[in-house]
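Below: one structure, written as structure tokens.
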Amino acid sequence: KSAKFYAALAEDAVKAPVIKGAEDFISETEIAIEAEDDVTVYYTVDGTEPTTASTVYTAPFTVKETTTVKAVAYRGEKASFVTSATFTKATQLTCAEAAVEAMKVASNNATTNITYVVYGYVTELDGGLSSGQQKFWVSDTKGGENTFYSYFCNVPRALVVGDYIQMFGKLTKYNTTPQMKNGDITILPAPVAKFNVTATAENGTVTGAGEYEENAEATLTATANEGYEFTCWTSGEDTVSTANPYTFAVTANVALVANFKEVVVEPTT
């Protein structure tokens, strides 16, 4: 009435190697390939089939982008089956972007197919710490509006409003609430706010423009070309100076225009 079939490896068959690493990762993951002691392992990281012309595995290696690793083991001329594993780098989203993606899932508590990493500030707590998990709201800006929700994500400690965090996991929704459920939370140092200074000049140059950290002072120097003299720089208000070069400081976002005029030498009588 029934039959059972058994497949047995021949005594000299080569076992396929095992590829290990984090299936989903944030920035990088270490890949290790395990195999029998008396074999040589060849592998590829571009999705192609490995052969004896491929890279020989000697030690764990790191991948920083989504990568498919394939490996084969050889004992002499005998080869194993090819093993394949894909390691996926999480897609980075803002809180606002995560809210949009979460609402795309088909139904309540369904999850996205891929893993995301979301950065934001804790804006409101929805209860305290419970078995290492917590519910809370996050926003892209400190003190901003509640944008994306954490439903019992794993936290290293009880969070407080204002914490800057990294959320790692899959997205879901519950009715009209976009959220991450049972994700992993890492508390990070808050990013340093920066401001940007741009500067242009006609008949002269301005140095010192660029990006600066909040509360820093950007020192700019305006220099008139030969035959011109400095008159003013503008950013809402004009500041007049006859110094050349003229040095000044700014501490906030600003777009500067340095104005120069041609030097006119009046004839003498």
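Taken along its principal axes, the alpha carbon cloud of the chain reaches lengths of 124, 54, 32 Å, longest axis first.
About its Cα centre, the dipole of the chain is roughly 1600 debye, where the only charges are +1 on Lys and Arg Cβ and -1 on Asp and Glu Cβ. Principal axis analysis of the Cα atoms in region 64-204 yields extents of 67, 62, 31 Å, listed in decreasing size.
Close lysine pairs were tallied over region 96-192: pairs 8 or more places apart or on different chains with Cα atoms under 18 Å apart number 8.
Can you check what the net charge comes to around LYS170, using other residues whose Cβ is under 13 Å from the Cβ of LYS170 (Lys, Arg +1; Asp, Glu -1)?
On the way: positive: LYS104, LYS173, LYS181; negative: GLU23, ASP24, GLU101, ASP184.
Around LYS170, the charge tally is -1.
Backbone geometry of region 167-173 corresponds, through the Karplus equation with coefficients 6.51, -1.76 and 1.60 at θ = phi - 60°, to 3J(HN,Hα) couplings of 10, 10, x, 9, 9, 8, 9 Hz, x marking Gly and Pro. Ordering 105-113, 21-29 by mean Cβ neighbour count within 10 Å, with the highest value first, yields 21-29, 105-113. Determine which aspartates and glutamates satisfy two conditions relative to LYS89: a Cα distance under 12 Å, and not lying fewer than 8 residues away in the same chain. Those aspartates and glutamates meeting the cut-off are GLU23, ASP24, GLU28, GLU65.
Put simply, the amide H of TYR228, placed in the peptide plane, has neighbours under 5 Å in VAL263, leaving out anything fewer than 5 places away on its chain.
Of the peptides 58-67, 118-127, how do they stack up when ordered by the mean number of other Cβ atoms within 10 Å, highest first?
On the way: 58-67: 12.2, 118-127: 19.0.
Top to bottom by mean Cβ count within 10 Å: 118-127, 58-67.
3J(HN,Hα) along region 18-28, derived from phi through the Karplus expression 6.51 cos²θ - 1.76 cosθ + 1.60 where θ = phi - 60°, amounts to 10, 9, 10, x, 6, 4, 10, 9, 8, 10, 6 Hz, with x in place of Gly and Pro. The helix-only estimate of mean residue ellipticity at 222 nm for the chain, built from DSSP H runs of length n ≥ 4 each weighted as -39500 (n - 2.57), is -1000 deg cm²/dmol after division by the residue total.
For region 12-128, give the percent of accessible area contributed by carbon and sulfur heavy atoms, probe 1.4 Å, rounded to a whole number. Mind showing how you got there, number by number?
Numbers: 3030 of 6350 Å².
Roughly 48 percent, rounded to a whole number.
Taken one residue at a time, the phi angles of region 197-205 give Karplus couplings (6.51, -1.76, 1.60, θ = phi - 60°) of 10, 10, 8, 10, 8, 10, 6, x, 9 Hz. Gly and Pro are set to x. Report note on the peptides 211-218, 152-159: ranked by the mean count of other C-beta atoms within 10 Å, highest first, their order is 152-159, 211-218.
The values are calculated or read from the model by the stated rules, or taken from the named source; none is laboratory data. The model shown is predicted, which means the values in this text are computed figures rather than measured ones. Reconstructed Cβ throughout: ideal geometry from the backbone, glycine too, with neighbour counts over all protein chains shown. Side chains are part of the model used for accessible areas, which takes the heavy atoms of the whole protein and leaves out ligands, DNA and RNA. Shrake-Rupley method; radii C 1.70, N 1.55, O 1.52, S 1.80 Å.
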